[in-house]
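The values are calculated or read from the model by the stated rules, or taken from the named source; none is laboratory data. What you see is a predicted model; the values in this text were computed from it and never measured. So basically every Cβ, Gly included, is an ideal-geometry build from the backbone, and we count neighbours across all protein chains shown.
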Amino acid sequence: MKPHFLFHCLKERHTSAAPWHVTIMPHLGKRLLAAPDSAWQFNVGSGARLGSVRLPTSSSFGSEMAVRLIGTGNNSHWKAFGTRHSYRSGAQALITCSATLSNVNLLAVEKIDFKKLQNGSDIRGVAIPGVEGEPVNLTESATEAIAAAFSQWLFDKTDDGSRRLRIAVGHDSRISANMLQSAVARGIAGAGSDVVLYGLASTPAMFNSTITQREDFFCPVDGSIMITASHLPFNRNGLKFFTNAGGLGKLDITDILSRAAKIYNKFSEENLKFTSEAAEKVIKRVNYMEQYTSDLVGAVRRGARGEERPLEGFHIIVDAGNGAGGFFAGSVLEPLGAVTKGSQFLEPDGLFPNHIPNPEDKKAMDAITKAVINQKADLGIIFDTDVDRAAAVDSNGQELNRNRLIALLSAIVLAEHPRTTIVTDSVTSDGLTHFIENKLGGKHHRFKRGYKNVIDEAIRLDAAGEETHLAIETSGHGALKENHWLDDGAYLMVKLLIKLAAAKVAGETKGSSVLSNLIGELKEAEFATELRLKIDESHPDVGARTFRDYGEEVLKQLEQRVASDHVLTKAPVNYEGVRVSGYGGWFLLRLSLHDPVLPLNIEAPSKAAAVQLGNAVLAVVKNFEALDTTALQKFVETPE
Ligand SMILES: O=P(O)(O)OC[C@H]1O[C@H](O)[C@H](O)[C@@H](O)[C@@H]1O
């Protein structure tokens, strides 16, 4: 294979169908490295993106360099690493973005620490160069090795070793998606399995493909891979894996990464040539989202006594934040009869120019709330990048997220399954417990943070005889037993739509008050905050300990301090960190699932009460020199 460079730059909002003629000019600083070659000239069509275009090399370039694109064409906007360049018709464009030598020629020198790519039950890394201090570690070759390892792992798990396995691959809107998709396809094909590419898809759709019975879509597939890094910045990417038993767990990912490291070390040029050819032979492409969205549409119709367009008369706005969730407006809401005018950021754009697609992000929630109010819509729906998380906004602009979304879904689920258990993450409020147990007659099982933890706990409880139908996090992740315990933000929204549609069919009041009324009795704290205290792993106070051990020591000392304080009471049942009640509120200090951070959640009837709780924590944490307590210090010193 010829050595080549990859660069990432994209042309956006092309206002004309005429192509741009572009010449690539490799630079190192200001120095032109080689005269433009005719092979380095190409046309960029309307709406095209220059994501991961291969740039051949001839001389001895370094492993990184700047690429300048010189082009002429009609009005268009280009973007390279967050900077926008606008050009008028006929003007010459000069865009600089960085390029990295593709790892295909870096095999001998590039060392990848595969263990570092694990993020709980996902794989996450840096896929795009250009951000200082964030070198690429999810390279094409590393990705190829990981996909091959998954295929191998799947083969070992499958009883019948006599047939070829089928693995589906989907991706979100990230600019590295196509590059990694090719690498994943090569890895799967090289390991002897068949590849079915879905293109732009959602994470839940990828799991769904393992249980769909449709041979014309090559379903059910034996396993699936979603290429996504959820709401993380544009330069990151990652992989999630599914079988018909659900998403893979932490131990499976550790196993896959250790296999990948071995595969990677054996890569050779011939080997990579072979995988490229193998991929070309076995790749199939299907529009699986068509199947997935028709399942969602069908679920709403069934919930509305089979009515074809049960959302007729509703105005519902979708904000996909330029992630993969734009399909929900045109392929779910509109066929059900809803008007979706004013929906925003539906077009995939991996640079996320409007806001981060994340229902936990304030700017994102403000954007959808504003749109609902401006449009006088009945409901707003917002997704994260890969659509496994969601939140809503009612017609009054009230956010239906965090505890409120959990309360709402609990009300819906407990009406269907009285007295059952609702499993949530650890940062849920005391008001939510009161609502679930005293108003809805259910049982609240407040477990740990982490969607996989919450879902696995619900499955465990249910199997052990404690009837459970809903596992949901304040982050907007949620899974229902009726939907195969699939972590699916779109399905959570479908449950809300069913409620709206059923109320309309039954002739009850229309609009989102049907939803808001369900949580009218949820008591919410006047004051709620989350502060994240960072542990400096290289601080001498940490010494030879891991940040986890250091964090555990902080928690132990806090627990001792609480035991000797007569105002504070440790929560009798608690699965994560130190949860304490006092001053009419509560706090929870715990270790982050992934980072060297101790997140502190406080809820209280007033800021003053919250400060008292904060002071109790500060009295302990200030003695730990490796802990950055600035945010907490500031919090207790600011009265309002
Ligand atoms: O422990 P934290 O750092 O707060 O992160 C916890 C969160 O991590 C990821 O985003 C998971 O997808 C969530 O399910 C989880 O709740």
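Go through segment 200-226 and count every residue that is more than 16 Å from the ligand (Cβ to nearest atom) and within 15 Å of SER121 (Cα to Cα). Talk me through it step by step, then tell me what you get.
First pass over segment 200-226, keeping only residues more than 16 Å from the ligand (Cβ to nearest atom): 200-201, 205, 208-225.
Add one more test, that the residue is within 15 Å of SER121 (Cα to Cα), and what stays is 224-225.
Residues in segment 200-226 being more than 16 Å from the ligand (Cβ to nearest atom) and within 15 Å of SER121 (Cα to Cα): 2 in total.
A quick yes/no check of all residues on (1) touching a residue at least 60 places away in the same chain (Cβ under 8 Å); (2) among the basic types (Lys, Arg); (3) closer than 18 Å to LYS495 by Cβ:
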{"position": "ARG285", "(1), (2), (3)": "yes, yes, no"}
{"position": "MET289", "(1), (2), (3)": "yes, no, no"}
{"position": "LEU296", "(1), (2), (3)": "yes, no, yes"}
{"position": "ARG309", "(1), (2), (3)": "no, yes, no"}
{"position": "GLY313", "(1), (2), (3)": "yes, no, no"}
{"position": "GLY321", "(1), (2), (3)": "yes, no, no"}
{"position": "GLY330", "(1), (2), (3)": "no, no, no"}
{"position": "LEU336", "(1), (2), (3)": "yes, no, yes"}
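Assess whether GLU457 counts as being among the charged types (D, E, K, R), assigned to a helix (DSSP H, G or I) and without any contact (Cβ under 8 Å) to a residue 24 or more places away in the chain. Even if it seems obvious, please write down each step before you answer.
Values: among the charged types (D, E, K, R): yes; assigned to a helix (DSSP H, G or I): yes; without any contact (Cβ under 8 Å) to a residue 24 or more places away in the chain: no.
When the stated conditions are applied, GLU457 does not pass them.
Go through VAL413, VAL393, VAL387, VAL372 for me and flag whichever is in contact (Cβ under 8 Å) with a residue 24 or more places away in the chain and within 16 Å of the ligand (Cβ to nearest atom).
Within the list VAL413, VAL393, VAL387, VAL372, the selection yields VAL387.
Taking the options ASN237, ASN265, name whichever one is away from the ligand (no atom under 16 Å from the Cβ) and not acidic (Asp, Glu). Show your work before the answer.
Values: ASN237 fails: away from the ligand (no atom under 16 Å from the Cβ).
Answer to the check: ASN265.
Suppose we filter ILE412, ILE422, ILE436 for residues that are more than 26 Å from the chain's Cα centre (by Cα), within 22 Å of LYS499 (Cα to Cα) and at pLDDT 95 or above; which single one remains?
Numbers: ILE412 fails: more than 26 Å from the chain's Cα centre (by Cα); ILE422 fails: more than 26 Å from the chain's Cα centre (by Cα).
Going through ILE412, ILE422, ILE436 in turn, just one is more than 26 Å from the chain's Cα centre (by Cα), within 22 Å of LYS499 (Cα to Cα) and at pLDDT 95 or above: ILE436.
Just for helices (runs of 4 or more DSSP H) wholly inside segment 468-586: which have at least 2 residues that are β-branched (Val, Ile, Thr)? Steps first, please.
Working: elements: 489-505, 513-516, 547-563.
Because the criterion is at least 2 residues that are β-branched (Val, Ile, Thr), the helices (runs of 4 or more DSSP H) in segment 468-586 that meet it are 489-505, 547-563.
Matching residues to (1) within 16 Å of the ligand (Cβ to nearest atom); (2) at pLDDT below 95; (3) within 27 Å of GLU524 (Cβ to Cβ):
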position	(1), (2), (3)
ASP549	no, no, no
GLU559	no, no, no
LYS570	no, no, yes
VAL578	yes, no, yes
LEU598	yes, no, yes
ASN623	no, no, no
GLU637	no, no, yes
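Take segment 419-468 and flag every residue that is over 18 Å from ALA571 (Cα atoms), within 16 Å of the ligand (Cβ to nearest atom) and buried (at least 19 other Cβ atoms within 10 Å of the Cβ).
Correct list: GLY450, TYR451, LYS452, ASN453, VAL454, ILE455, ASP456, GLU457, ALA458.
List the number of the failed condition for THR428; all other conditions in (1) outside any loop (DSSP other than H, G, I, E, B); (2) over 20 Å from the mean Cα position of the chain (by Cα) hold.
(1)
Pull out all pairs, ordered by first then second residue, where Cβ-Cβ is under 7 Å, the residues are six or more apart or on different chains, the first lies in segment 261-279 and is in contact (Cβ under 8 Å) with a residue 60 or more places away in the chain, and the second is outside any helix (DSSP H, G or I) and surrounded by 12 or more Cβ atoms within 10 Å (Cβ to Cβ).
Going by the 7 Å Cβ cut-off, the qualifying pairs are TYR264/ILE112; PHE267/LEU107; ALA279/VAL195.
Give the residues of segment 463-492 that are under 14 Å from the mean Cα position of the chain (by Cα) and among the acidic types (Asp, Glu), sorted by residue number.
The answer is GLU473, ASP487, ASP488.
Give all pairs with beta carbons closer than 7 Å in which a residue from segment 504-527 that is within 30 Å of ALA608 (Cα to Cα) meets a residue that is surrounded by 20 or more Cβ atoms within 10 Å (Cβ to Cβ) and of a type in the set (Lys, Arg); count only pairs at least 6 apart in sequence or on separate chains.
ILE519/ARG404; LEU522/ARG404
So how many residues does segment 327-367 have that are in contact with a helix residue (DSSP H, G or I) (Cβ under 6 Å, 6 or more places away or on another chain), among the small types (Gly, Ala, Ser) and farther than 30 Å from GLU307 by Cα?
0
Considering segment 560-606 alone, what residues qualify as being among the basic types (Lys, Arg) and touching a residue at least 60 places away in the same chain (Cβ under 8 Å)?
Pass one, segment 560-606, residues among the basic types (Lys, Arg): 561, 570, 579, 590.
If the condition is that a residue be among the basic types (Lys, Arg) and touching a residue at least 60 places away in the same chain (Cβ under 8 Å), then ARG579, ARG590 are the ones that fit.
Against the condition in contact (Cβ under 8 Å) with a residue 60 or more places away in the chain, surrounded by 23 or more Cβ atoms within 10 Å (Cβ to Cβ) and within 16 Å of the ligand (Cβ to nearest atom), how does ALA185 come out, does it pass? Spell out the reasoning first.
Details: in contact (Cβ under 8 Å) with a residue 60 or more places away in the chain: yes; surrounded by 23 or more Cβ atoms within 10 Å (Cβ to Cβ): yes; within 16 Å of the ligand (Cβ to nearest atom): no.
Criteria not met by ALA185.
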